[in-house]
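The values are calculated or read from the model by the stated rules, or taken from the named source; none is laboratory data. Nothing here was measured: the structure is a model prediction, and the numbers come from that model. Virtual Cβ from ideal backbone geometry, glycine too; neighbours counted across all protein chains shown. For accessibility, only protein heavy atoms count, side chains too; no ligands or nucleic acids. Shrake-Rupley method; radii C 1.70, N 1.55, O 1.52, S 1.80 Å.
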Amino acid sequence: MGGPEVSELTIDCIGCGVEIQTENKEGIGYAPPSSLEKEQVICQRCFRLKHYNEVQDVALTDDDFLKILNGLGQVDALIVKVVDIVDFNGSFLHGLHRFVGKNPVLLIGNKSDILPHSAKPNKLINWMKYEAKQHGLKPVDVLLCSAEKGHHIKEALAAIEQYRKGKDVYIVGCTNVGKSTFINRIIKEVTGEEDVITTSQFPGTTLDMIEIPLDDGQAIIDTPGIINRDQMAHVINKKDLKHVMPRKEMKPKIFQLNEEQTLFVGGLARFDYLSGGRKSFTCYVSNELEIHRTKLEKADELYSRHRGEMLSPPRPEDIESFPELVRHEFMIKEEKMDVVFSGLGWITINEKGAKVAAYAPKGVSVLVRKSLI
């Protein structure tokens, strides 16, 4: 049999780490054949994401992501776990300590620039240590940073250097925590190169392991973002993500509520104040979301009549497919507690003795925690 020899060499996308292929335009890793001659090859999905902010869905299952995580216990490395400080509980990756084996974990809270200035860094770090311990994780250290703004990246890099002790570094996190932006900042700090890895606000941008070599022959390995199904990002239209996920410092909105009053956060969440006398409540959500107050007795009618219009997102065209709101009731027995809507924000109840009900789309988690701020 004659004919050209087939090269065994594979090329990986510089943006998301997936193997490049030139056959199937709809498949993962497609790049036009002409692009293979370039020094750095980028797949079409990353190209569109980078230049047009368009996202293409990928056919990786949650099991694929979990298989990648399962490998972490077999390596000898430092694990850097990046969480979104604005959605700490929703982005925490609750089973991680079971996957990492004996490897040390450095916990980094990203997006610290989004929190109000009144949030004190030392208090936040102590709060993160407390919450991590509640979830069974004992990190070797806890840091805050803003990958977007580049705040505290040098400190994060110094901590990675200190705790890795000459080993590889695996960076893990849920989708949307800003992990790729964080790594891009670190690459820029180490090499001076900018925006090597594709970043976006869409869930699941990094598709496979991406290795960034370090001076001593080890590497920083970026792992795919793990999809956490109980976050708000999975029930809303992708076009609304930029309005729902805060991107600037959150401005607290304070409401004095009487018993039997209701707040709607767009059409995405509802908060009923049932009993406890007149009290003050502070809402921390994206500045672009409207909060509407009404009487409890009118709340059901308001929601059924106005969602998709006055109460939006969701958009009118998404109402049919939008999940129903599920009710969660809480009795607040301590001062300064947050009612958290995963991936949306939280409402702080400053005094104890309030009975409340919180509603979120089916599948989105709602919980009560010690106040973050």
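The table for this structure:
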{"quantity": "Given (1) in a loop (DSSP other than H, G, I, E, B); (2) open to solvent by 20 Å² or more (accessible area, probe 1.4 Å), number of the condition residue 292 does not satisfy", "calculated": "(1)"}
{"quantity": "So residue 178, is it open to solvent by 30 Å² or more (accessible area, probe 1.4 Å), at positive phi and of a type outside the set (Asp, Glu)", "calculated": "no"}
{"quantity": "Condition broken by residue 257, with the remaining ones in (1) at pLDDT 95 or above; (2) under 23 Å from the mean Cα position of the chain (by Cα); (3) open to solvent by less than 60 Å² (accessible area, probe 1.4 Å) satisfied", "calculated": "(2)"}
{"quantity": "Where a residue in the range 298-321 is closer than 21 Å to residue 261 by Cα and its partner, wherever it lies, is in a loop (DSSP other than H, G, I, E, B) and of a type in the set (Gly, Ala, Ser), with Cβ under 8 Å and at least six apart", "calculated": "303/267; 306/267; 307/267; 311/266; 311/267; 312/266; 312/267"}
{"quantity": "Pick from the range 69-87, criterion modelled with pLDDT under 85 and crowded, with 18+ Cβ neighbours inside 10 Å, ranking: nearest to residue 157 (Cα to Cα)", "calculated": "72"}
{"quantity": "Criterion: within 17 Å of residue 358 (Cα to Cα), open to solvent by 30 Å² or more (accessible area, probe 1.4 Å), at pLDDT 95 or above and of a type in the set (Phe, Trp, Tyr) - qualifying residue of 330, 264, 281, 271", "calculated": "330"}
{"quantity": "Extreme residue, nearest to residue 72 (Cα to Cα), among residues of the range 125-173 that are aromatic (Phe, Trp, Tyr) and crowded, with 16+ Cβ neighbours inside 10 Å", "calculated": "170"}
{"quantity": "Some residue of the range 305-315 being more than 26 Å from the chain's Cα centre (by Cα) and open to solvent by less than 60 Å² (accessible area, probe 1.4 Å)", "calculated": "yes"}
{"quantity": "Top-ranked residue in the range 216-253 [being among the polar types (S, T, N, Q) and more than 12 Å from the chain's Cα centre (by Cα); ranked as surrounded by the most Cβ atoms within 10 Å (Cβ to Cβ)]", "calculated": "223"}
{"quantity": "Out of 353, 363, sole residue that is touching a helix residue (DSSP H, G or I) at 6+ places or on another chain (Cβ under 9 Å), on the phi > 0 side of the Ramachandran plot and in contact (Cβ under 8 Å) with a residue 12 or more places away in the chain", "calculated": "363"}
{"quantity": "Candidate set from the range 259-297 (those that are in contact (Cβ under 8 Å) with a residue 40 or more places away in the chain and of a type in the set (Asp, Glu)); member that is nearest to residue 332 (Cα to Cα)", "calculated": "272"}
